[in-house]
1. Within the set Lys44/Lys206; Lys64/Lys168; Lys69/Lys125, which residue pairs have Cα atoms separated by over 20 Å?
2. Can you give me the distance in nm between label points at Ser118 and Thr267, each placed 7 Å from the Cα along the Cα-to-Cβ direction?
3. For the range 4-70 and the range 180-214, compute the distance between their C-alpha centroids and round to whole Å.
4. If the cut-off is 27 Å between C-alpha atoms, which lysines fall inside it for Lys199, apart from same-chain ones fewer than 8 positions away?
5. Determine which lysines satisfy two conditions relative to Lys235: a Cα distance under 18 Å, and not lying fewer than 8 residues away in the same chain.
6. Normalised radius of gyration for the chain, please: alpha carbon Rg relative to 2.2 N^0.38 Å, two decimal places.
7. Taking +1 at the Cβ of each Lys and Arg and -1 at the Cβ of each Asp and Glu, which of Ile126, Leu90, Ala175 sits farthest along the dipole of the chain towards its positive end, judged by Cα position relative to the Cα centre?
8. Figure the gain on full extension for Glu132 and Ser57 (residue separation times 0.36 nm, minus the Cα-Cα span) and round it to one decimal in nm.
Amino acid sequence: MEQINFPVTFVVLDLEWNQPIPNMPTPVSPKELPGEIIEIGAVKLTMRSENDYSLSSPFSIIVKPEYYKIMNRQVSRVINRSTDDLRHGLGFLQAYDMFLKWCGEDYILCAWGDSDISILKSNLKIHNQPAEVNDRFLDVQPLFGRVAEDTAHQRSVSYAVDFYRIPKTDDFHNADRDAYYEACILKEVLIDYFVMTEKARQEGTKDYPNLSQYISNPNLTTQVHWKSNTYPSEKDAVEDAMKVKLSCPICSFELDPILNWFSSGHTWLSLWQCETHNTLTGKIRAKKTPQQSFYASGQLRFVNGNAARHVHEKWQEKNEKKSEEVELPEKQAEM
Ligand SMILES: [Zn+2]
């Protein structure tokens, strides 16, 4: 588990991007480039102790798009920019380089949700760069949910701003303003987090969120796949696939289960923990062979806090349903 050593710098990133126009030919596949970055905004939150925080002045840079040069109307409605505006700005690589210099050396990259990171990676790839970003990433959205409301609902930035009564000084959807609001929210979340942790410590309970579980390495994209033997029944194939001892694809450390295998529709899901590389999710599906027998295929991959919460939710839903149907003598699944 990661230990927090003060001071810690959080770089809160907020990107704005343009999207392809529906039904219009695009110079690149929208699958490869779902959105092209047109603005990079960021604010640094420096934490010197559990109650000493400071915000930097915002970083903001306008990026001139190379692929999606016509403003998508839906996007324009949200961020209030026109096609004319897209003729100005720096090239992406130059702008990104300035951003990285501004970030400095040792920091935790943060954003609201995980879409900024995936858009950033796709933009790096399209410019022939390795799709690698900072190796510590904190998604503020699920952490806010857990700390502020103990919910897995995906709240908007403006919801969280209202929740903490952060004074609104400007419209949303301008990258550096959004980054500023997100940094203010993160500060409130961290203050609450340390109060919760301290209270849990005094009361000797373990029921508090673990900050390090929300920090993931977005560059760990390694996936592991495996297959069961073939069986006449789907059930046997799935059970066989579950017997595989799972280890971390990076360090080979044997994984501890956070949630053991449970079925969700036609899929079986699970959550695992590597001490060094954090949370992974497992997925098993049964498949039919042309000879009408069955095998099961398994997949193990790294997940961020948000996706892990999602698996937790499915598990909870299932258990709630179960307890409505029949009274179980004891809870079957292990936590
Ligand atoms: Zn590992």
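Each reported figure results from applying straightforward, stated rules to the coordinates on display, with no laboratory input. Quick caveat, the model's predicted, so the values are computed rather than measured. Cβ placement follows ideal geometry from the backbone for every residue including glycine, while neighbour counts extend to all protein chains displayed.
1. Lys44/Lys206; Lys64/Lys168
2. 1.2 nm
3. The range 4-70 and the range 180-214 have Cα centres separated by 25 Å.
4. Those lysines meeting the cut-off are Lys187.
5. Lys227, Lys243, Lys283, Lys287, Lys288
6. On the way: Rg = 22.3 Å, N = 335, 2.2 N^0.38 = 20.0 Å.
Scaled against compact globular proteins, the figure is 1.11.
7. Ile126
8. In short, 24.4 nm is gained.
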